[in-house]
1. Restricting to the stretch 40-66, and then to whatever is among the hydrophobic types (A, V, I, L, M, F, W, C) and touching a Pro at 6+ places or on another chain (Cβ under 9 Å), can you tell me which residue is surrounded by the fewest Cβ atoms within 10 Å (Cβ to Cβ)?
2. Considering only the stretch 40-52, I want to know if a residue exists there that is basic (K, R), in contact (Cβ under 8 Å) with a residue 40 or more places away in the chain and more than 20 Å from K66 (Cβ to Cβ).
3. Take the residues in the stretch 1-60 that are of a type in the set (A, V, I, L, M) and over 14 Å from the mean Cα position of the chain (by Cα), then tell me which one is farthest from T93 (Cα to Cα).
4. Could you list, in sequence order, all residues of the stretch 4-27 that are of a type in the set (D, E) and surrounded by 20 or more Cβ atoms within 10 Å (Cβ to Cβ)?
5. Does the stretch 29-39 hold any residues that are in contact (Cβ under 8 Å) with a residue 40 or more places away in the chain, more than 11 Å from T70 (Cα to Cα) and buried (at least 16 other Cβ atoms within 10 Å of the Cβ), and which are they?
Amino acid sequence: MKSRVRSNWQTAILVCRKCSKKVDGGFGEKGRQPLAKALKKHLALKKGRKGQAGIVEVSCLGICPKGAVTVVNGAASRDWLLVKPGADLDALTEELGLVAPS
């Protein structure tokens, strides 16, 4: 049995599932997708370990902002972001240090 598994991730982005559920979508083209799904689609990430980054929904991060979703970049975990519905995904990917497809 292997004790390690390699991935292509440069970073892991943690998105609070509880915040996403409270906001009830608000992201994506029509504003109906949860933030994690909208980010994955916007960045055109490959599935699983093969993607450039991992977008992972986690249970409550403990911040619980009203009308926003808590997001943490695993590579820069000192600064947490509070993302409001309808936020510009290009600006968000830049702030998270990810490269958007051209």
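Bear in mind that the values in this text are calculations on the coordinates, not laboratory data. The model shown is predicted, which means the values in this text are computed figures rather than measured ones. Note that we place each Cβ from the backbone using ideal geometry, even for glycine, and neighbour counts take in every protein chain shown.
1. A44
2. Within the stretch 40-52, one or more residues are basic (K, R), in contact (Cβ under 8 Å) with a residue 40 or more places away in the chain and more than 20 Å from K66 (Cβ to Cβ).
3. This residue is M1.
4. none
5. Residues satisfying the conditions are A38, L39.
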